[in-house]
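A.B. asks: Okay, handing you the structure first.
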Amino acid sequence: MGNMDKLNAFFNRFDGKIREHIPGIIAETAIRNFRRSFQTKSFNGKTWKEAKHTPKKGSLMLRKGFLAGSIRDITTPNRVRIVAGARLIPYAKIHNEGGVINRAARTETFVRNRYVRGPKSKYFGGMGAFKKGKTAGKGLTFKAYKIVMPQRQFMGHTEELNREIKKAIWQEFNNVSNR
């Protein structure tokens, strides 16, 4: 086997190894970068807008970690796609992009009549026992309203992410070439 054949064989092996590992490296680096946004409460150097009502415990966007935990990759050999949210986490897009949530007017009916005086009014933690035979209730009406959600971006393209991906690929390149 001549030098040219050895060189071609090396590059063919090298190309296969790199193509096999690159999508995973990109996905892993991007997910790590996006999840870090929840700890720093910023994205691409831009801090998130403070909440109107700060929670008593934890961080606004990281109380239970569902949103950060929903960041995942859909990787093929030719494409890396990072997504957030799921069926139980439909609020990922509105947090990342900001926007307006419109709630329609609605009516809820039926609040059972309860005793408000006497010994039966003490039942159920002071709410009172139900009155027998009285099923007539009250209607509750809620007006339509809007919620303006400020953008608290945690995912997207940035120069910092590109630098991290390049660094991780170069490290893999050096590892494969040294084997």
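A.B. asks: Considering only protein heavy atoms, what per residue accessible area in square angstrom results for the chain with a 1.4 angstrom probe? Walk me through the numbers on the way to the answer.
C.D. replies: Working: 13740 Å² over 179 residues.
The answer is 77 Å² per residue.
A.B. asks: Select from Thr76, Thr40, Thr141 the residue whose mean-square fluctuation is largest in a Gaussian network model of the chain (Cα-Cα springs shorter than 10 Å).
C.D. replies: Result for the chain, Cα springs under 10 Å: Thr141 fluctuates most.
A.B. asks: Considering the chain as a Gaussian network with a 10 Å cut-off on Cα pairs, which listed residue, Ile22, Ile147, Ile94, attains the greatest mean-square fluctuation?
C.D. replies: Fluctuation is largest for Ile147.
A.B. asks: Students often get this wrong, so try it: which of (1) 0.97; (2) 1.36; (3) 1.77 is Cα Rg over 2.2 N^0.38 Å as calculated from the structure shown?
C.D. replies: (3)
A.B. asks: When the chain is modelled as a GNM with alpha-carbon springs shorter than 10 Å, which of Arg163, Arg72, Arg35 fluctuates the most?
C.D. replies: Between Arg163, Arg72, Arg35, it is Arg163 that shows the largest mean-square fluctuation.
A.B. asks: Calculated from DSSP H runs of 4 or more alone, at -39500 (n - 2.57) each and per residue, what is the 222 nm mean residue ellipticity of the chain, nearest 500?
C.D. replies: Values: 5 runs with 71 residues, N = 179.
It lands at -13000 deg cm²/dmol.
A.B. asks: Here is a follow-up. For a quick check: with amide H placed at 1.01 Å from N, whose amide H comes under 5 Å from Leu60's, ignoring anything fewer than 5 positions away on the same chain?
C.D. replies: Under 5 Å from the amide H of Leu60: no residue qualifies.
A.B. asks: While we're on this one: Kindly state, to the nearest 0.05, the FRET efficiency for Phe142 paired with Arg32, given R0 = 41 Å and r defined as their beta-carbon distance. It would help to have the intermediate numbers written out before the result.
C.D. replies: On the way: r = 42 Å, r/R0 = 1.03.
According to the calculation, E is roughly 0.45.
The values are calculated or read from the model by the stated rules, or taken from the named source; none is laboratory data. For clarity, every value in this text was computed on a predicted model and none was experimentally measured. FYI the Cβ positions are ideal-geometry reconstructions off the backbone, even for glycines, and counts take in every protein chain you see. Each accessible area value is taken on the protein alone, full model and side chains, heavy atoms only, with ligands, DNA and RNA left out. Shrake-Rupley method; radii C 1.70, N 1.55, O 1.52, S 1.80 Å.
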